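Everything on this sheet refers to the single structure shown next.
Every number here is computed from the coordinates shown, using simple stated rules; none is lab data. Please read all numbers here as calculations on a predicted model, not as lab measurements. Note that we place each Cβ from the backbone using ideal geometry, even for glycine, and neighbour counts take in every protein chain shown.
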Amino acid sequence: MKKFIISLLFINVWFVESYSQSVHNQIFNKTDAYLQSMMDRLKIVGLNYAILINNKVVHKKSFGVANAQLQVPMTLSNSFPVASISKMFSSIALHKLLSVHHRSVNETVAAFLPKRTDLPESWRKLSLKQLLSHTSGIPDQIDYQIYLAPKSEKFVIDGVKNKPFSSEPGTEAKYNATGFLLVRMIIEKLANQDFESYMQKEYFDKLGLSSANYGGFKKVVPNRVTCYQKMNNKLEMFPLNYSSPMYAGAGLNITINDLIKWFQALQNEQILTKKQLMKVWIPIKLNNGKEGGFGLGWEAYRLQGAYRMVGHGGAGISSFRHYWNERTNQNLTVILLTNGALNWKARPNQLNAQIANMILGNN
């Protein structure tokens, strides 16, 4: 009788898991078909995507090519320049350092960098929270044609230090590259080493992220895709270039598999506790009480019902989104990395949201 009950339980578990997998396969066939249709409609060159449910990988697939000239097929082993998705890594590394050193995001730039008198006093008064949540109002280097591959941090600082703030600190959430230059400086101060070396030693090596490294399009990176953009109604190479002063905000190259591995480690509390992580993911409120659309280094929104979303886009060609239900704690992660398209009528963040809707049954 005991053996019969055990056998019955085993059969029941097997049936439930098989049924669940069958349902998932039906959904993933639909998400694959949807992305294939978007590949055709938008003329996306190549794409890798992955779906995680409750931190478990349930589906991954590649589409298109990694290099249009050579027609090299895209694979899950291809590395991507993920642009601003880099900010998620920097934010988590910074919060780990803050925890170790018993520091707070409410402290000012001056408190972290007391000897950096080359920084304007108005910058030194800003809080780390304002920098991470893009609510500082600090002059954005991009607005002054100082892009993401400057020859030095001094070049950036000298180029914008006398420019006016775009808004009073705390009154507006506006994407800002200069703020993450200061974030990198603070990470280096707390870590007592340069940013790139710290990330390599403490995260890429320890977590086994063998594909992860920093560098722009001039750097030779094994298996990295070639990126493309539309210019004069034609497909041209998209030279995503970055230099070390800006690596906290952009410049990471990584495969989708290693991106998954890092996020799973984060979810499994190998880096921060769940309580610490939720503080990073809470949307920061502006002075008027409204939410600004950013947490601490992550995009963060409250969606319809009990759902919330965090993540980041990357150069308008990639999208990382983590969705979860506050009531049930059920969660879904959709990662979508592309190397560009000829016709971006819909951007990766929109494609990501549509995939999430298909899986969550809201479509």
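Just a few scattered comments:
- Helix-only mean residue ellipticity at 222 nm for the chain, each DSSP H run of n ≥ 4 adding -39500 (n - 2.57), per residue, nearest 500: -11000 deg cm²/dmol
- In Hz, Karplus ³J(HN,Hα) per residue of segment 279-288 (6.51, -1.76, 1.60; θ = phi - 60°; x = Gly, Pro): 5, 5, 8, 6, x, 7, 8, 6, 4, 8
- A Stokes-Einstein calculation at 4 °C with viscosity 1.567 mPa s, built on the Kirkwood radius of segment 167-213 over Cα pairs, returns a diffusion coefficient of 103 µm²/s.
- Rounded to whole Å, the principal axis extents of the Cα atoms in segment 18-124 read 57, 42, 23, largest first.
- Within the chain: Cβ-based charge dipole about Cα centre, in debye rounded to nearest 20 (Lys, Arg +1; Asp, Glu -1): 420
- For the chain, alpha-carbon Rg relative to the globular expectation (2.2 N^0.38 Å, N residues): 1.04
- Note on ASP40/ASN268: beta-carbon distance plugged into 1/(1 + (r/R0)^6) with R0 of 35 Å gives a FRET efficiency of 0.40.
- Rg over Rh [alpha-carbon atoms, Kirkwood Rh] for segment 265-363: 0.98
- The residue list VAL160, HIS102, TRP123 was ranked by how far each Cα lies along the charge dipole of segment 68-173 toward its positive end, using unit charges on Cβ atoms, and HIS102 comes out on top.
- Interchain or long-range residues, amide H under 5 Å from SER79's placed H: ARG224, VAL225
- DSSP-loop chymotrypsin sites (Phe, Trp or Tyr not before Pro) across segment 89-164, with at most 15 other Cβ within 10 angstrom: TYR147
- Debye intensity ratio in log₁₀ form over the Cα atoms of segment 52-184, taken at each q of 0.19 Å⁻¹: -1.08
- Centre separation in Å (Cα based) which lies between segment 193-238 and segment 278-328: 25
- For segment 153-190, the residues whose amide N sits under 20 Å from a probe point set 7 Å from the Cα of LYS279 along the beta carbon direction are 183-184, 186-190.
- When you filter the trypsin sites (Lys or Arg not before Pro) in segment 258-363 for DSSP loop state and at most 16 other Cβ atoms inside 10 Å of their Cβ, you are left with LYS290, ARG327, LYS345.
- Amide proton proximity set for TYR247, modelled H, under 5 Å, gap of 5+: none
- 10 Å Cβ shell holding at most 12 others, DSSP loop, GluC sites (Glu not before Pro): longest site-free stretch of the chain: 1-268
- Links that overshoot a 26 Å alpha carbon limit, given the list LYS129/LYS275; LYS219/LYS274; LYS87/LYS154; LYS87/LYS261; LYS87/LYS174; LYS87/LYS218: LYS219/LYS274
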